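Single-structure report; data block below.
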Amino acid sequence: MTATQDEVLGYFDTLSNWGRWGDDDQLGTLNHITDEVRLAAARSVRHGRSVSCAWEVAGPQELERSTTTCPCAADMPGAEHMPSPTFRNDRRWGFSTERLALTFHGNTITHLDSPCHIFWDGLTYNGRPHTLVSPETGSSWAAVTAAANGIVTRGVLLDIAAVHDVPRLAPAQPVVPADLEAAEQRQGVRVRPGDAVLLRTGHGRTRHESGPSTGFTQSGWHASCLPWLHERSAALIGADTPQDVQPSGYPDILMPVHSVALVAMGLWLLDNCDLEACAETAAELGQWDFQLAVAPIRFAGTSGSPVNPIATF
């Protein structure tokens, strides 16, 4: 049975972590990642094999690229004769450099959402007003720089497509708590406090075969999983989709997982992971937990960052 809309709206209170780690806390559920949790995560490395859980960023829809002259060129002998930043055949030393622009929120680029990404009733995590987010300077509260020291913890991959014995879940198919527990039982693993929980729906397989989807119908976490994640004290969740099953099934809550997780729980999100290599490695090794390392770029005041999560088995 899934939660009603009134029950999901109640999650803003019943699952709230506001004040749990102090009124000035900006880390939210990353507080579950203690020194002991990091040490335990290191002990999850039993084979020394690392895989990326991110998509390559490429193509005009994702990346605006322009070639620029290297700033150091002005200090080089003969710089006035080097109008091009590419390698020149008449010189031994050459270089290339880029100026890149991208919008990482959305349903294609692998990225980390910090708590200031979403507002509910004009508030962000820990009860701060949305006015702390400025269009000129960004957010002065719960921005991605709160995680400047990185996120290193134990990751657990739950392969829900395998639970249903299908290559991929159907579009708009929700993942509910029973699916999570079935995956734990099938894989012989259990989500512990401080873990990062990565959800494989099989959407990555479709994307490898057909390219990124343009619609907004997708499988993913159902809102009824939020109490389960709260009870297990998950520090971070990710998926091979933009997290929320869509349509959400709730007319007044477009993205309930994003909304409740970020605003009420302070639960950080990894959107649009590529979990195919991770799942193949886990199945090959018979190991569904690993050390997960996520290092956001320290963009001042931003609501997230493109990232390359690394799973080390």
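Taking region 126-149, which residues are part of a helix (DSSP H, G or I) and over 30 Å from ALA42 (Cα atoms)? Before the answer, list the steps.
The initial filter retains those residues of region 126-149 that are part of a helix (DSSP H, G or I), namely 126-127, 130-132, 144-147.
Of everything in region 126-149, those that are part of a helix (DSSP H, G or I) and over 30 Å from ALA42 (Cα atoms) turn out to be ASN126, GLY127, HIS130, THR131, LEU132.
So which of VAL152, VAL197, VAL189, VAL156 ends up being out of contact with any Leu (no Cβ under 6 Å at 6 or more places or on another chain) and either at pLDDT below 95 or not in a strand (DSSP E or B) (or both)?
Working: VAL152 fails: either at pLDDT below 95 or not in a strand (DSSP E or B) (or both); VAL197 fails: either at pLDDT below 95 or not in a strand (DSSP E or B) (or both); VAL156 fails: either at pLDDT below 95 or not in a strand (DSSP E or B) (or both).
Just one listed residue meets the conditions, VAL189.
Tally up the residues in region 200-241 that are small (Gly, Ala, Ser) and either at positive phi or in a strand (DSSP E or B) (or both), please.
Result for region 200-241: 6.
Is there a residue in region 69-88 that is more than 30 Å from THR206 (Cα to Cα), at pLDDT 50 or above and not in a strand (DSSP E or B)?
no
The values are calculated or read from the model by the stated rules, or taken from the named source; none is laboratory data. Predicted, not measured: the structure shown is a model, and the values here were computed from it. Cβ sites come from the backbone with ideal geometry, for glycine too, and all protein chains shown count toward neighbours.
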